[in-house]
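This report refers to the structure that appears directly beneath it.
The values are calculated or read from the model by the stated rules, or taken from the named source; none is laboratory data. Small disclaimer: the values here were computed from a predicted structure and weren't measured. Note that each Cβ is placed from the backbone with ideal geometry, even for glycine, and that neighbours are counted across all protein chains shown.
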Amino acid sequence: MLRKRQKQNKKSLKFIFILTGTILVILLGVTYFHFEYTKISKAKDFSECNHVMYADASIRPSDKLNDPNEVQLPIAEKNGLRKPFNTTEEFEAKIDSLKRASVLIEVTDNKFYQLKTLSHSKPYLIPEAVDMLNEIGFRFQKKLHEKKYNNYRFRLTSMLRTEETQSKLTHCNRNATQHSAHLYGTTVDISYKNFYNTKKDTVESSYEAVQTLTKVLVEMRQECKFLAVRERHQSCFHITVAVCQPISNKYSEHFSRKMP
């Protein structure tokens with residue numbers, strides 16, 4: 001009987017060691033992807049953060065949407081992926097792990113916006129960029145509703161690119177640069193040429209929607225929520241999110257868990 005119990009205890013200990021080892025391997029894997037691909041910080045909620053004061057980059061308020069890629073790029077490098085994906089093959093091999101680690105979030109159609117069929121990018125962004133899109137969408141719908149004109153959603157035309165797809169794009173788009181902010185998961189293009197009409201289930205141009213979207217973007221640019229430029233050849237707004245600084249003792253005197 002004693003020997004039987006000893007064998008059972010040994011089996012139990014062996015199972016515990018195996019289980020513990022498996023958990024540690026998973027945790028180490030998740031940590032590896034976090035540190036290799038993104039700069040980790042516990043940021044404030046995007047809509048609540050006062051980006052004028054606490055944006056994790058030097059951004060001044062502006063009522064112009066004229067921040068070119070070379071201005072947006074340092075912000076993308078600071079707050080986005082640590083290293084871009086070299087190829088689409090590399091992206092496909094690692095995206096599942098990055099999704100599980102919440103390094104990148106898949107962007108899908110919702111009540112605020114619709115995705116255009118993407119040819120040179122993948123529908124993934126860092127969490128703060130997704131929050132930014134939702135904030136733009138919320139304000140856009142609110143303004144349209146006030147005008148009783150809320151049957152439009154804006155369309156997303158480009159998001160995360162690999163160095164491979166960026167290189168291909170430079171051959172067919174004279175505006176494209178070899179080193180784009182799109183490589184870091186921080187940047188999105190929003191079309192102002194066409195909008196999705198939810199009542200008609202059609203894609204069409206709309207002067208009212210363009211004006212409303214522009215007002216929202218100017219408003220948020222004044223709040224330093226992002227950097228943006230209106231690209232005329234591509235008929236889109238090229239936007240890079242600004243990330244709020246993490247909460248620390250240095251700033252605890254200025255805001256509590258919920259910012260004013």
- [ ] Check segment 173-194 and report whether any residue there is at pLDDT below 95, assigned by TED's automatic domain parsing to the domain that holds Tyr124 and part of a helix (DSSP H, G or I).
- [x] no
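So that you can scan it fast, the table gives a plain yes or no per residue for (1) at pLDDT 95 or above; (2) surrounded by 15 or more Cβ atoms within 10 Å (Cβ to Cβ); (3) within 19 Å of the chain's Cα centre (by Cα):
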site: Val210; (1), (2), (3): yes, yes, no
site: Arg221; (1), (2), (3): yes, yes, yes
site: Ala228; (1), (2), (3): yes, yes, yes
site: Val241; (1), (2), (3): yes, yes, yes
site: His254; (1), (2), (3): no, no, no
- [ ] May I ask you to say which residue of Ala129, Ala76, Ala93 is out of contact with any strand residue (DSSP E or B) (no Cβ under 6 Å at 6 or more places or on another chain) and small (Gly, Ala, Ser)?
- [x] Ala93
TODO: For Glu204, work out the one condition from (1) modelled with pLDDT of 95 or more; (2) touching a Cys at 6+ places or on another chain (Cβ under 8 Å) it doesn't fulfil.
DONE: (2)
Task: Test for Arg139: is it more than 28 Å from Thr88 (Cα to Cα) and buried (at least 21 other Cβ atoms within 10 Å of the Cβ) - done: no
Task: Unmet requirement for His233, which otherwise passes all of (1) touching a Lys or Arg at 6+ places or on another chain (Cβ under 8 Å); (2) in a loop (DSSP other than H, G, I, E, B); (3) modelled with pLDDT of 95 or more - done: (3)
TODO: Would you please name the residue that is surrounded by the most Cβ atoms within 10 Å (Cβ to Cβ), looking only at residues in segment 68-100 that are not in a helix (DSSP H, G or I) and not basic (Lys, Arg)?
DONE: Gly80
Open item on the list: Can you tell me which of (1) at pLDDT below 95; (2) under 25 Å from Lys143 (Cα atoms) is the one Lys250 doesn't meet?
Closed with: (2)
Task: Thr108, sole failed condition from (1) in contact with a helix residue (DSSP H, G or I) (Cβ under 8 Å, 6 or more places away or on another chain); (2) among the hydroxyl-bearing types (Ser, Thr, Tyr); (3) closer than 22 Å to Asn194 by Cβ; (4) at pLDDT 95 or above - done: (1)
Task: Scope segment 191-208; condition surrounded by fewer than 24 Cβ atoms within 10 Å (Cβ to Cβ) and hydrophobic (A, V, I, L, M, F, W, C); matching residues - done: Val203
